[in-house]
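The values are calculated or read from the model by the stated rules, or taken from the named source; none is laboratory data. These numbers come from a predicted model, not from an experiment. So basically every Cβ, Gly included, is an ideal-geometry build from the backbone, and we count neighbours across all protein chains shown.
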Amino acid sequence: MVNRGRSGGCATCKQRRVKCDETKPKCRSCQRLGFGCEYKTKYANLKFRDQNYRFHRTVATMPRSVAVPDTSVPFFLQHYASMGRQLSSARGFYEVLIPVYSSQSQNSALSLAVSALASKVLSLWRCDDSRLPRENYTRAVNRLRSTIQHRDECGNPATSLAILSLQIYENISSVYGLRPGTRVHYDGAVSLLPFIHSDSTNRVTNAYVRRFILHTEICSAMREERPLQESVRPWLEFKNRADAPQNLSSVLDNIGASVAELQARYVQLSRNDNIMPSFSDLREITTEAKCIEDRLLTWARNVPEHWHALKVTSGKDIDQSIPAYLSTCEIYSSCSVATLWNFWRVQRLLIVKIAIGSLNTISTRGTDCPGSNETLPVNDYFVGYINTFQSLMDSVCYSVPFYLGNRIRPLNITDFDDPEILFPSCDFFIHKGEGPFDEKITGPQSSRDEYRRHLHAQGPWHVLTPLIRLLTFFLDDCGQLLATFLRSGQIEWIREQLLRVTTLLHLPSQTGEFNEKLQLSNLLPQGSDGTRVERLAQDIRQGLTFMSGP
């Protein structure tokens, strides 16, 4: 794209919002990343589109020489670290990755780690089983081992980002291997927290990196139903606005830490066969749950207007080929924003589950519950939480078509240029930057293409974790009680969407590929450990333990 700005920087750096050294004919940043580099000319009214992805499959079939640049890194940085990312919703990894990566040498630990992760991601799009990702991973690990021998490198954000890149690589490998995620790299990142704090030369960047590590710990604690690690607690309480201002993501994580702690306490109490929970214990849990619920509602009230969903109707506002629950779809300004909302909904669902479980224990045990002579408006609370539960479940379902559109086939690199793939949000609003929704108004073509491409790349991964969370939500006794309040056919619809996502992502599944006409309720009978789809969800979830998301 040709630069239209006032500065002398290249168009690519302006689009990425990073400083350009203005070296011509190509700036050093674009040379380092392999991006196209264009400067404003007298032909500035011309428009160019990146069409390199059309040739990825051709390049993949040709022998690789040392002179041929690695196309996986530009692909990964563009579609996963750049598109759809803003600091206002930053969790702290992707949003700072590009500027730090740009400053590193080709053989640095971060460069090699990003190369390993990028080649892993691109191999999934190319549907190949190349050994290159594993070879890059081995090189990155060896380089990282030598890097962390130098104490001054331990506080360098590039070192932490290298470790986190390798952790994401392992997360992907675990998911596709249907095995538990390994925590070796994550523990390494946690061990660097003191060094990250002490490094004053990269204060702002390190603040975002620290946030991502803490976010991962909170997500992991929720999934494993455990308390937060003691080594992480001091950093959760550390707040220094001089490092980096809090954004809505970090505020939500602070609430999430409280949710994880309350869940761990409730699980320990409810699963202790030797001690019957007292009325005072259960009342204290329900009171704390109500306080956390109020904090979550306050968070939602502080969200900017353009972050709120726009609700549309299938057949009226969007194409009927897009599967939508109850013919309803909620669309968002980006995948990151939609996923923040689903993280918020999952936290509220956990609070509902804890509160319902406590209230149900009080109700069923009656006078057998120690201390039950005290009063608690059980019925009023119960009805309110059930209504909240159904509303939250519906909202997660409404977000699915936003992420997936009408896609049902396994993802392929040619999808980016397939006009038959439709996303509901593309018919309503394509924005550039952080502007509000404008119904039926689309932005510049470049902005429209970028928005569509970020949905192609990120959508299936972003919706995978909330779908898995919903299905594994109902496997215990309290979850089975809540399942009785679901709408008719809702759990079957969620199962079908999970199978659809596993098909898109080429994930292994013993249930076979997704078929939109498949009636799962007839084929997958309930058992003591749930249906086969729920068991598949459990297998995938164990690989997601140390991954970002709900």
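Select, from Tyr53, Tyr39, Tyr80, the only residue that is under 27 Å from Leu110 (Cβ atoms) and either at pLDDT below 50 or part of a loop (DSSP other than H, G, I, E, B) (or both). Steps first, please.
Details: Tyr39 fails: under 27 Å from Leu110 (Cβ atoms); Tyr80 fails: either at pLDDT below 50 or part of a loop (DSSP other than H, G, I, E, B) (or both).
The match here is Tyr53.
Just one of (1) at pLDDT 65 or above; (2) out of contact with any Cys (no Cβ under 9 Å at 6 or more places or on another chain); (3) outside the structural domain of His215 (by TED's automatic domain parsing) trips up Arg85, so point out which. Result: Arg85 passes all but (3).
The sole residue among Tyr186, Tyr208 that is farther than 18 Å from Trp461 by Cα, crowded, with 18+ Cβ neighbours inside 10 Å, touching a Phe, Trp or Tyr at 6+ places or on another chain (Cβ under 6 Å) and not aliphatic (A, V, I, L, M) is Tyr186. Among the criteria (1) over 24 Å from Ile218 (Cβ atoms); (2) surrounded by fewer than 24 Cβ atoms within 10 Å (Cβ to Cβ), the one Ala118 does not fulfil is (2).
In this structure, Leu178 does satisfy being in contact with a Pro (Cβ under 7 Å, 6 or more places away or on another chain) and either more than 30 Å from Cys127 (Cβ to Cβ) or of a type in the set (A, V, I, L, M, F, W, C) (or both).
Figure legend. Inter-residue proximity from segment 198-218: first residues farther than 15 Å from Cys154 by Cα, second residues buried (at least 23 other Cβ atoms within 10 Å of the Cβ) and basic (Lys, Arg), beta-carbon distance below 7 Å, spacing 6+ or different chains. Indicated pairs: Arg211/Arg91; Phe212/Arg91; His215/Arg91. Being at pLDDT below 90 and either within 26 Å of the chain's Cα centre (by Cα) or surrounded by fewer than 23 Cβ atoms within 10 Å (Cβ to Cβ) (or both) is a condition met by at least one residue of segment 134-152.
For the subset of segment 224-261 comprising residues that are acidic (Asp, Glu) and at pLDDT below 90, which member is surrounded by the most Cβ atoms within 10 Å (Cβ to Cβ)?
Kept after step one, since they are acidic (Asp, Glu), are these residues of segment 224-261: 224-225, 230, 237, 243, 253, 261.
Next cut, at pLDDT below 90 only: 237, 243.
On the way: Glu237: 8, Asp243: 17.
Looking at residues that are acidic (Asp, Glu) and at pLDDT below 90, I get Asp243.
Has segment 100-110 got at least one residue that is closer than 30 Å to Leu536 by Cα, out of contact with any Ser or Thr (no Cβ under 6 Å at 6 or more places or on another chain), surrounded by 16 or more Cβ atoms within 10 Å (Cβ to Cβ) and not aromatic (Phe, Trp, Tyr)? Looking for residues that are closer than 30 Å to Leu536 by Cα, out of contact with any Ser or Thr (no Cβ under 6 Å at 6 or more places or on another chain), surrounded by 16 or more Cβ atoms within 10 Å (Cβ to Cβ) and not aromatic (Phe, Trp, Tyr), one finds none in segment 100-110, hence no. Residues being hydrophobic (A, V, I, L, M, F, W, C) and modelled with pLDDT under 95 are represented in segment 400-411 by at least one member. Annotation for segment 179-189: no member residue is in contact (Cβ under 8 Å) with a residue 40 or more places away in the chain, under 27 Å from Glu237 (Cβ atoms) and of a type in the set (A, V, I, L, M). Modelled with pLDDT of 90 or more, part of a helix (DSSP H, G or I) and either touching a strand residue (DSSP E or B) at 6+ places or on another chain (Cβ under 6 Å) or on the phi < 0 side of the Ramachandran plot (or both) - does that describe any residue in segment 315-335? Yes: segment 315-335 contains one or more residues that are modelled with pLDDT of 90 or more, part of a helix (DSSP H, G or I) and either touching a strand residue (DSSP E or B) at 6+ places or on another chain (Cβ under 6 Å) or on the phi < 0 side of the Ramachandran plot (or both).
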